[in-house]
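Structure first, commentary second.
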C-alpha cells in the first residue's frame, strides 16, 4: 500500500488526466484539418523570389557581375586567374611571354627545387598518388609522421598534425576546440580562415587594433572573467601588410590573463629568423611560449596543406576528434614528401634565407626612396604599394604587366578602399637588378595614374 498522502495521489492523477485530455484534443484537431491543396502548394512555390532558388540571381553573384562589367567598360583587363605555363618562381611564363614574378609565395625557391621534386616523385612511385582514406581509417603513411615529427622538432614542442588545406587547418582547429561559452580575440587584420573558424565555433569574437598589445591587455582585463576559455590569435607576418607583432608582449599578456595564444606562421616560416625558423627564432622564444603554432605547407615549404604544432594533448585531441582531420582524406604522399624535403633543405640553406631577407630590404629601401607608400611593411617577403583606390591598384597592376612584371592588385573588400594596393611577394631568387628595375617601373607607372 502506498505511503503517499491522498493529496499527493490526487494531484498526480489530476495531472495525468489533464495530459491525456490534451493528447486527445491534439489528435482530434489533426484528424479534422485537411492537408494543403495542390493549388495552395503551387501558389506558395510561385511566390518564392528567384534569388532564393537560382544561382544566377544570387545577390553576391549579381554584385560580382556589376564589378566585372564596370571593369570592362573602363578598359581594364581582369588581373586574376592568369594561366602560368611554367614554374612560377622569381620568373614565370604567361601567354608565351616571360615575366618577373611577384605574385607567388615561393619564398625560398623550393617549388621546382630538384630535391623537393625528386622526393615527390619517389613518394608517388612508392605509395601512389592518394592514400585513398582518412588517416584514422587506413590512410596513414610513414611520410605523414616523419613530416609531423620534423615540424614538432622545428618548434621544439611535443608533436604536430598536418591537414590537407591551410585554410581548413584554422577553420577546423578553432571551430572544434572552442564553443559558445568561450571568447576569441584577434588582431583586426587576421586572415579569413581564422574568422571562419570563429564563426563555426560559435564563440564570442572581439578584435583589437593592429599589433596593439596594450589594447589587447585592456580588452582582456574587461572581458576575461565572463568566459571559460579565451583564445588570442595573431599572425607571424601579416599577409597584406608585411609587418609582425611584438610577440613577447603578447606572450606575457596571455600568461597573465590565463588565455591560449595561437600564432599563424603562414608567411613567417622560412622568412623570419637567422635560419628561417620563423617569429619564434626572431625573438628567441621557447616553443612552449605559444599554445598553438599554426602554419601552411604551401609557401616556404612549397607543397600544400597546413599544420598545428604544440603539446601532446592538443595534437592528440585534434587527431582523434577534430572533424576536419578525422573525416578528411589523408594528405597525398607526394605532398607530404615535398614539404618534408623542403623543411630539410631549409635547415641547411641559410644562404637562401639571408638572400630573401636582403632582397626584401632592398625593395623596401628603394620603394621608400622613390616615395612609394609601403604602409607598415618591414620588408620581410611581403611588401604592398598603396594606391588609394581599387581602380588605381588595378590600373597599376595592368601597367606593370605590360612591362613584364606580374604583381597582383588587392582590392576592396579584401582591404579597405583607401588602402587598395599592389602586393609584392619577394623570393630569394629575385636578383638585385630585378628588384631595382621593378621599383623604378612601379614609381614611373604610378606617377602616370
(request) Work out the FRET efficiency for residue 38 and residue 432 from their Cβ-Cβ distance, taking R0 = 51 Å, and round it to the nearest 0.05. (result) 0.10
(request) Could you sort 439-447, 264-272 so that the peptide with the highest average Cβ count within 10 Å comes first and the rest follow in order? (result) 264-272, 439-447
(request) Would you look at the GNM of the chain, springs on alpha carbons closer than 10 Å, and say which of 58, 430, 257 moves the most? (result) 58
(request) Arrange 277, 16 by Cβ neighbour counts within 10 Å, fewest through most, would you? (result) 16, 277
(request) Just order 337-347, 398-408 by mean Cβ neighbour count inside 10 Å, highest at the front, would you? (result) 337-347, 398-408
(request) Report the full-extension gain for the segment residue 275 to residue 215: residue separation times 0.36 nm, less the Cα-Cα distance, to one decimal in nm. (result) 18.4 nm
(request) Choose one answer from 128, 75, 139: the residue with the largest mean-square fluctuation in a GNM of the chain with alpha-carbon springs under 10 Å. (result) 75
(message) If I model a spin label at residue 124 and residue 76 as a point 7 Å from the Cα along the Cα→Cβ vector, what separation in nanometres do I get?
(response) 3.9
(message) Please report the antiparallel percentage of the DSSP beta bridges confined to the chain, to the nearest 5.
(response) 55
(request) Tell me what the chain gives for mean residue ellipticity at 222 nm when only DSSP H runs of n ≥ 4 count, each as -39,500 (n - 2.57), the sum divided by the residue total, rounded to 500 deg cm²/dmol. (result) -14500 deg cm²/dmol
(message) Please check: in the Gaussian network model of the chain (C-alpha springs, under 10 Å), which one of 66, 100, 171 has the largest mean-square fluctuation.
(response) 66
(request) Using only Cα atoms, locate the centre of segment 261-279 and the centre of segment 73-119, then give the distance between them in Å, rounded to an integer. (result) 23
(message) Could you list 275, 72, 394 so that the one with the fewest beta carbons within 10 Å of its beta carbon is first and the one with the most is last?
(response) 72, 275, 394
(request) Determine, for 349, 241, the number of other Cβ atoms within 10 Å of each Cβ, and report the residues in order from fewest to most. (result) 349, 241
(message) Could you check the spin-label model distance between residue 45 and residue 288? Points 7 Å from the Cα along Cα→Cβ, value in nm.
(response) 6.4
(request) Mind giving me the FRET efficiency for residue 52 and residue 134? R0 is 35 Å, r the Cβ-Cβ distance, nearest 0.05 is fine. (result) 0.50
(request) Set the Förster distance to 35 Å, then compute FRET efficiency between residue 150 and residue 447 from the Cβ-Cβ distance, nearest 0.05. (result) 0.15
(message) Using 0.36 nm times the number of residues separating residue 87 and residue 115, minus their current alpha carbon distance, what extension gain do you get?
(response) 8.6 nm
(message) I want the antiparallel fraction of DSSP beta bridges within segment 114-346, as a percent rounded to 5.
(response) 35
(request) Compute the distance in nm between two label points, each set 7 Å from the Cα along the Cα-to-Cβ direction, one at residue 440 and one at residue 398. (result) 2.6
(request) Using only Cα atoms, locate the centre of segment 290-332 and the centre of segment 189-252, then give the distance between them in Å, rounded to an integer. (result) 20
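Multiply the residue separation of residue 358 and residue 97 by 0.36 nm, subtract the distance between their alpha-carbon atoms, and state the gained length in nm to one decimal. The partial results should precede the final answer.
Working: separation 261, 0.36 × 261 = 93.96 nm, distance 2.78 nm.
Taking 0.36 nm per residue and subtracting the Cα distance, the gain is 91.2 nm.
Just so you know, all these numbers are worked out from the coordinates, no wet-lab data involved. Keep in mind that what you see is a predicted model, and the values were worked out from it rather than measured. In this analysis, Cβ positions are derived from the backbone assuming ideal geometry, glycine residues included, and neighbour counts consider all displayed protein chains.
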